[in-house]
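Notes follow the structure.
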Amino acid sequence: MTKANITIGSVVLSPEMKLYELIDAAPVLLSIFSRLNIRLPFGDISIDEMCRRDGYSTELFIELCAIHIDPRYRPNEEQLTENMLPEVIGYLRASHRYYAEHMLPHTARHLEDILKHCDELSERVLRHFYSDYVRYITAHFDEEEREIFSLLDSSTASSANFAIFDMPHADIDDRSNDIASLILKSLPEAAPTPLRCAMLQDVYELRDDLRRHSSIETYLLRPLVVKFLKRA
């Protein structure tokens, strides 16, 4: 895959782009640096310099940035190379940890702040919805690890169950929207608006990031696995 530029809206992603310019143009990309544990400060280094320093594929990093900026972006499958597969799996696993260790606990803290202002019934309903939401997400991650990622690490890659990618993310969307609707429509007026907005922001941010996660699985991981299996 050649180090070509990718244009997403007004953002031109290129290997020569400075990292501070990248983050200033698309702050949503900060989460990539968090989940990959890429060290700061950056100084004036470029995307390519950072990737070579930390051992990442420049081309794949730019593809990940493009999907995070716009989940509708579709990589050119002909430009994807098999040696990207371990790095994509590593990124998806890092994302699972990022959700479990950062995003979900952060949302839970905002939930507890809201519950202090709720009556007993509202507290029970909201806690049930959120607990069910977390269980569903974590169960889906566990299934991906067991049925896909662990098999791709072994000699049984052809047994990977890619049907997992198809429906559960739509279900996660629905559950995210159910929680948002409950916070917007049904909680008592005693629950302060700033607390509602903080949790809503968390729920929508997680929903949107999971959509990006799904796009990475569908449009990066799946075609790479197809190429890997053809070679095998």
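The values are calculated or read from the model by the stated rules, or taken from the named source; none is laboratory data. Treat the numbers as computed from the prediction; the structure is a model and nothing was measured. Note: ideal-geometry Cβ built from the backbone for every residue, glycine included; neighbour counts use all protein chains shown.
Listed values, structure above:
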| read-out | value |
| --- | --- |
| Selected residue [more than 16 Å from SER215 (Cα to Cα) and either in a helix (DSSP H, G or I) or not aliphatic (A, V, I, L, M) (or both)] from HIS96, HIS68, HIS117 | HIS117 |
| Answer residue from segment 134-146, given it is exposed (fewer than 13 other Cβ atoms within 10 Å of the Cβ) and either small (Gly, Ala, Ser) or at pLDDT below 90 (or both) and is farthest from LEU92 (Cα to Cα) among those | ALA139 |
| Residue satisfying all of: in segment 14-55; over 23 Å from GLU101 (Cα atoms) and of a type in the set (Phe, Trp, Tyr); surrounded by the fewest Cβ atoms within 10 Å (Cβ to Cβ) among these | TYR20 |
| Residue in segment 82-91 that is charged (D, E, K, R) and either under 17 Å from the mean Cα position of the chain (by Cα) or in a loop (DSSP other than H, G, I, E, B) (or both) present | yes |
| Residue check, SER131 part of a helix (DSSP H, G or I), at pLDDT 90 or above, surrounded by fewer than 16 Cβ atoms within 10 Å (Cβ to Cβ) and not acidic (Asp, Glu) | yes |
| Qualifying positions in segment 67-86 - out of contact with any Ser or Thr (no Cβ under 9 Å at 6 or more places or on another chain) and either of a type in the set (Val, Ile, Thr) or in contact (Cβ under 8 Å) with a residue 60 or more places away in the chain (or both) | ILE69, ASP70, PRO75, GLU77, LEU80, GLU82, LEU85 |
| Residue in segment 187-194 that is touching a helix residue (DSSP H, G or I) at 6+ places or on another chain (Cβ under 6 Å), surrounded by 15 or more Cβ atoms within 10 Å (Cβ to Cβ), in a helix (DSSP H, G or I) and in contact (Cβ under 8 Å) with a residue 24 or more places away in the chain present | no |
| Given (1) outside the structural domain of PHE141 (by TED's automatic domain parsing); (2) touching a residue at least 40 places away in the same chain (Cβ under 8 Å), number of the condition ILE89 does not satisfy | (1) |
| Qualifying positions in segment 47-59 - closer than 20 Å to ALA94 by Cα, without any contact (Cβ under 8 Å) to a residue 40 or more places away in the chain and part of a helix (DSSP H, G or I) | ILE47, MET50, CYS51, ARG52, ARG53, ASP54 |
